[in-house]
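Structure first, commentary second.
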C-alpha cells in the first residue's frame, strides 16, 4: 500500500471513529471517549507516517507525538489530544486492582465535548494539509510528505 493511501485511510477511519464518538456522546454512552481516542490515534498515526516514522503498536499517544518534529504545524493540535491515550483501554474491563472492582469514571460532558472538538480540529487540519477527500474511498492523499 502506498504511503499516500495509508495516510488517507488513517484519516477516513478517524473520521468514522469520531462520528461514532459523537453518536455515542449524544446518548451518554461511556464508549464515546474510547472512539474519540481511536480517532485521535489514527490522526496522529497519519502524521507520524508522513514523517517517515513508525508509531508501533502501543497506544501511547504522547510518545507518538514526540516522534513529530516541532516544525510540523500540526504538532500543537496533536498535543491537545495526546492525553486521550488514557482512554484506549480504560473501559474494556472493571478496575481489577481496586477493592470495588469499579468501572472507571467517564469524562464529564464538558471534557468529552472538548476532546471531540479538539480531535475534530486535528482531523480537519490533517485532511486539509494532506489533501484527502474523505468522500472518495481508497483515493490516496494528495500529498504525503512531512508538513512544514
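The gain in end-to-end length when the residue 70 to residue 27 segment is fully stretched comes to 11.7 nm, 0.36 nm per residue minus the alpha carbon separation. Report, to the nearest 10°, how far helix 3-26 tilts away from the longest principal axis of the Cα atoms in the chain, using its own Cα long axis and a range of 0 to 90°. The answer is roughly 30 degrees. The Cα trace of the range 45-89 gives Rg and Dmax of 10.0, 31 Å, the first to one decimal, the second as a whole number.
Could you tell me the calculated FRET efficiency between residue 86 and residue 148, based on Cβ-Cβ distance and R0 = 25 angstrom, to the nearest 0.05?
The pair residue 86/residue 148 has a calculated efficiency of 0.25.
State the Kirkwood hydrodynamic radius of the chain in Å, one decimal place, computed from all pairs of distinct Cα atoms. Could the numbers behind the result be given before it?
Working: mean 1/r = 0.0642 Å⁻¹.
After inverting the pairwise mean of 1/r, the radius is 15.6 Å.
Taking the centroid of alpha carbons for each part, the range 100-148 and the range 41-61 are 13 Å apart. Think of it as helices only: each DSSP H run of n ≥ 4 in the chain is worth -39500 (n - 2.57), and spread over all residues that comes to -17000 deg cm²/dmol at 222 nm.
No value in this document is a laboratory result; all are computed from the given coordinates. As the structure is a prediction and not an experimental result, all values here were calculated from the model. Don't worry about glycine lacking a Cβ; one is built from the backbone with ideal geometry, like all the others, and counts go over all protein chains shown.
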